[in-house]
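Working notes, structure below.
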Amino acid sequence: MSSIISLHEANMHKPPKVGHAARKLSELIQARLPVPDGVVLTSQVFKEFLIESSIKERFFSLIREKQMVQLQKLVKERKFPSYLEEELINEIHHVKKNGFSARVSTVFSEEYDSKNLAEEQLVEGVKRAWASIYTPQRAAHLNAYNMFPAVIVQPAVHETKYGQLFTINPLTNSKEKMIIEVQSPKHYFFLVNKEDYSVVNEKDFFTINSPLFIKEKDNLCEIGERVGQYFEKPQKIRWVFGKTGYLVSSEDITPEDKSYFIKLAQVNEHVR
């Protein structure tokens, strides 16, 4: 059985093999939500890399010693097995576009994302994604579940706008409102009524410098509602707009998200 699988099939595999991020994206694809298909290099690929590159013993030694900087260097410098590279290129051809992105599919909220990779850069992007897991801050949190990271490879999206959507208001836990966060070109927040997608802070939204068109805002809100209903839990959704809109990831809203908005609300009075 192949160690590299299609993203739309990832939810058929357990989280230790493909990671939570890939499983959720797979479910969104099957729910016909706008997620670019791709492939997942399962945790087995990383294990094969350690064995074929003859660094397995050194890897576990550095893990035990919590020498994360040296471990990152070790992973990035070792040659990617040629048979795995050939398999990856063959598997990704069905979604081949103008460039690729590679990112880890982990339980950690901060994700490494290498964008706009040419085909000849893809294996280096995968190795950098693997290496990004092994930081000094995460040394105490690595375990059998996330020690062998899976990597998601998708077509690159040449975004003009990107941000997050929260399917509830994390500040108040209000299920009647959503928050759209736009992170490009500037930082904006919009509190939106779910009933009709009207923006509570209209003065901020309908300015000449508004980062979103009304149709884009409504499209995001509709997608956010569908994702929230699908998972039956409040979701934090990463999105991008290029020629069209795409979902990058979806994860459960946590208490940390409320803390995030409490800090932002101190300087953004319209988020309430």
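The values are calculated or read from the model by the stated rules, or taken from the named source; none is laboratory data. Values in this document were obtained by computation on a predicted structure and should not be read as measured data. Protein only, heavy atoms only, side chains kept; ligands, DNA and RNA dropped before computing areas. Shrake-Rupley method; radii C 1.70, N 1.55, O 1.52, S 1.80 Å.
Worth pointing out:
- Cα-based reach from LYS177 at 28 Å (exclusive), listing lysines while leaving out same-chain residues under 8 positions away: LYS24, LYS161, LYS186, LYS194, LYS203, LYS215, LYS217, LYS233, LYS236, LYS243, LYS258, LYS263
- The stretch between GLU48 and GLN183, if pulled fully straight at 0.36 nm per residue, gains 44.8 nm over its current Cα-Cα span.
- Taking the square roots of five times each eigenvalue of the Cα gyration tensor of the chain, the equivalent ellipsoid has semi-axes of 36, 20, 16 Å, listed largest first.
- When the solvent-accessible area of the chain is split by element, carbon and sulfur atoms take up 49 percent of it, the probe being 1.4 Å.
- Reachable lysines from LYS56, criterion Cα separation under 16 angstrom, eight or more residues apart if same chain: LYS47, LYS66, LYS73, LYS76, LYS79, LYS127
- Chain lengthening between ILE63 and ASP252 when straightened (0.36 nm per residue, less Cα-Cα): 65.1 nm
- Exposure check, 1.4 Å probe, all protein chains in place: VAL126 carries approximately 0 Å² of accessible surface.
- Taking each residue as 0.36 nm, the span from SER174 to GLU9 lengthens on full extension beyond its C-alpha to C-alpha distance by 56.0 nm.
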